[in-house]
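Here's the structure, in structure tokens; my notes come after.
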Amino acid sequence: MEFSILADAFSKMELTTKRLELTQYLVELFKKTPHDVISRTVYLLQGKLRPDFEGVELGVAEKLAIRAIAKSAGLDNAEKKIEEEYRKSGDLGHAASKILEQKKQTTFIVEYITIERVYENLYTIAKLEGSKTQDRKIKYISGLLNDASPVEAKFILKILLGTLRLGIAENTVMDALAIAFTDNKENRKVLEHAYNVSSDLGKVAETIAKKGLAGIEEFKINLFNPIRPMLADRVKSEEEAIEKLGIKFAAEYKLDGERVQLHIEGDKVVLFSRSLENITSYYPDIVEKIPKTILAQKVILEAEAVAINENTGEFLPFQELMHRRRKYEIEKAVLQYPITVNFFDVLYYDGKSCLELEYKERRSLLEKIIKEDDFAKYVPMSYISNQNEIEEFLENSINSGCEGVMLKMLDKPYHAGARGSFWLKLKREYRNELGDSLDLVVIGAFFGKGRRTGKYGTFLLASCDYDTDTFTSICKVGTGFKDEDLDQIYQILSNKVTIKKNPRIDSKMEADVWFEPELVIEIVASEITLSPIHMAARNKIRKDTGLALRFPKFTGKIRLEKDADDASTNEEVLTLFKGQKKVAHDRNLM
Ligand code: ATP
């Protein structure tokens, strides 16, 4: 298929922020796309080459791209001209299209480029290794640019640089696939299930296009393809938990570590994080020791890896574990920050999915599969049935260094990719109605004063709105940051700065600097209040009014293991807001 069809669709999508319009453009595009290239089209429109868990990164630096454009433009002083254009527009893709326009006016293009060719070239660039990599990358890029129209060049560069941000969420892609291939948006639910077990939207697209709904219904779990994790609703008190859970349920310690999905076949082990990134290299100790404790051929298990004090066996907080997120000297980090692996679920066992099994069946299977030792453990669990028992269990859990408890319904399946009430989390801080923590997306910043001059002093934060696929502003935060936190956040944000506000950001407040909505940090606040300025849950409680956090404070946790789409949602914020009102009401009655 001609790449120009994709480039035209991208141009239209760039101009809108409305989900319905985006969906319509996608439907038109999918209908035109041959089934053999639809998976590649889906990856490209997300600015990717493969699903995230495969870790194929393009990572082309701006300087290298400028050299490639210059080579292709063949003008005198080309690099300087490109840099000038770039300074004017702040968008290298745009600058390239301007410069190449000048050249195209003087040359006659015969060839058109196809999606297949663009994809193959980008893939080759991503995989290049060894000597003269830079020169070879330039050759591939300028080869493509030579045959591309200015608009095509613009989008090729945006994909290469990782700046193609069309603001299309996965849900929007699935809506469009359902409409394009089944004429019924409701079928998105079936697609969602396939996506939840495969984490590969390209594969879902190809299957629906080629085999229709029947193909999607047959979607199976594949070992080494991560499953999207099941998530819990929060509750604030033992009473609320009992109301929701009924008579008998399981309580597990909520350990404060990193969630790890382990895919194991014999000695082969692949580990995925909560956001499905391949994290195998951070845990050589898991790769070495865990296969010896598993009594099965092929399994997918879930566990919480927790840093421990080796002398006392005590659990240590999450921050300790983050020291392992490094590329070099990992062997040293393994010795310095020892862990235990605490299993809490089994999702796949010797060729069969376990997702449909009830909790108690999965737990007893788990206990058959794993032989506990000093390194591999089951998460402590107890079957309980009343408020006092929860309270006692919570106390024990906190005394052993955990965050709280997870309460799980006994007769429910594993609901991949969904947050819901089959699992509830009760953290210590939730018992205090003013201390709830939220994971919020950093969307903007304001420059600091005094000691913080030249750095960001305050941040604009957002919650996630699933209905509109946007990140809605919820508060400004400037407290709780140590100097080293500010330095670290400044560094992380340095390559996320954007010239214009990303279309998925919904904020009336104007920040000094806007960021790609990617970084997630943890915040506590004293209260949730109605707000005329902030956009979270706008119009949900009162017309033209949103919700905001009062006295927000950074907890010290940068949630590197979370994607922006995993941040706290407006639904959660609304539930907290309503819970807070209920507590106030109950208190007034006392
Ligand atoms: P949080 O911000 O509280 O860590 P989350 O958004 O990552 O939550 P939730 O589903 O809300 O995810 O809470 C479950 C998280 O708690 C899991 O992602 C996992 O990392 C951790 N966890 C610790 N112990 C357990 C357990 N026994 N069962 C399930 N998850 C557990």
When (1) at pLDDT 80 or above; (2) not assigned by TED's automatic domain parsing to the domain that holds TYR119 are applied to ALA65, the one that fails is (2)
Q.
Can you confirm whether GLU356 is surrounded by fewer than 16 Cβ atoms within 10 Å (Cβ to Cβ), closer than 26 Å to PRO317 by Cα, away from the ligand (no atom under 11 Å from the Cβ) and not aliphatic (A, V, I, L, M)?
A. no
GLU240 passes all but one of the listed conditions (1) within 16 Å of the ligand (Cβ to nearest atom); (2) modelled with pLDDT of 95 or more; (3) farther than 26 Å from PRO317 by Cα; the exception is number (2)
* Asked: Can you find a residue in segment 72-94 that is in contact with an Asp or Glu (Cβ under 7 Å, 6 or more places away or on another chain) and either modelled with pLDDT of 90 or more or β-branched (Val, Ile, Thr) (or both)?
  -> no
Across (1) at pLDDT 90 or above; (2) open to solvent by 30 Å² or more (accessible area, probe 1.4 Å), GLU129 clears everything bar (1)
Residue pairs qualifying under the 6 Å Cβ cut-off, at least six apart or on distinct chains, with the first in segment 401-423 being on the phi < 0 side of the Ramachandran plot and the second being of a type in the set (Gly, Ala, Ser) and away from the ligand (no atom under 12 Å from the Cβ), are LEU407/ALA241
Subset of segment 261-276, residues away from the ligand (no atom under 14 Å from the Cβ) and either closer than 15 Å to ASN225 by Cβ or assigned to a strand (DSSP E or B) (or both), comes to HIS263, ILE264, GLU265, LYS268, VAL269, VAL270
Screening VAL204, VAL173 for residues that are under 23 Å from THR17 (Cα atoms) and either open to solvent by less than 40 Å² (accessible area, probe 1.4 Å) or not acidic (Asp, Glu) (or both) leaves only VAL173
By residue number, the members of segment 213-244 that are open to solvent by less than 20 Å² (accessible area, probe 1.4 Å) and in a helix (DSSP H, G or I) are GLY215, ILE216, GLU238, ALA241
Taking segment 286-311 and keeping only residues that are open to solvent by less than 10 Å² (accessible area, probe 1.4 Å) and either away from the ligand (no atom under 16 Å from the Cβ) or not assigned by TED's automatic domain parsing to the domain that holds ARG363 (or both), one is left with ILE290, THR293, VAL299
Given the conditions (1) at pLDDT below 90; (2) in the same structural domain as VAL573 (by TED's automatic domain parsing); (3) open to solvent by 40 Å² or more (accessible area, probe 1.4 Å), every one holds for ARG419 apart from (2)
Those residues of segment 265-293 that are closer than 23 Å to ASN196 by Cβ and either touching a Lys or Arg at 6+ places or on another chain (Cβ under 7 Å) or touching a residue at least 60 places away in the same chain (Cβ under 8 Å) (or both) come to a total of 8
Within segment 227-266, residues being within 22 Å of ASN342 (Cβ to Cβ) and among the small types (Gly, Ala, Ser) number 5
- Message: Given the criteria within 15 Å of LEU440 (Cβ to Cβ), open to solvent by 20 Å² or more (accessible area, probe 1.4 Å) and outside any helix (DSSP H, G or I), does LYS476 qualify?
- Response: yes
Checking LYS81, LYS48, LYS12 in turn, the sole residue that is out of contact with any Gly (no Cβ under 6 Å at 6 or more places or on another chain) and farther than 13 Å from ILE168 by Cα turns out to be LYS81
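The values are calculated or read from the model by the stated rules, or taken from the named source; none is laboratory data. If you're wondering where the values come from, they're calculated on a predicted model, not measured in any experiment. Cβ coordinates were reconstructed from backbone atoms using ideal geometry, including for glycine residues, and neighbour counts include every protein chain displayed. The protein model used for the area step is the full one, side chains on, heavy atoms only, and it has no ligands, DNA or RNA in it. Shrake-Rupley method; radii C 1.70, N 1.55, O 1.52, S 1.80 Å.
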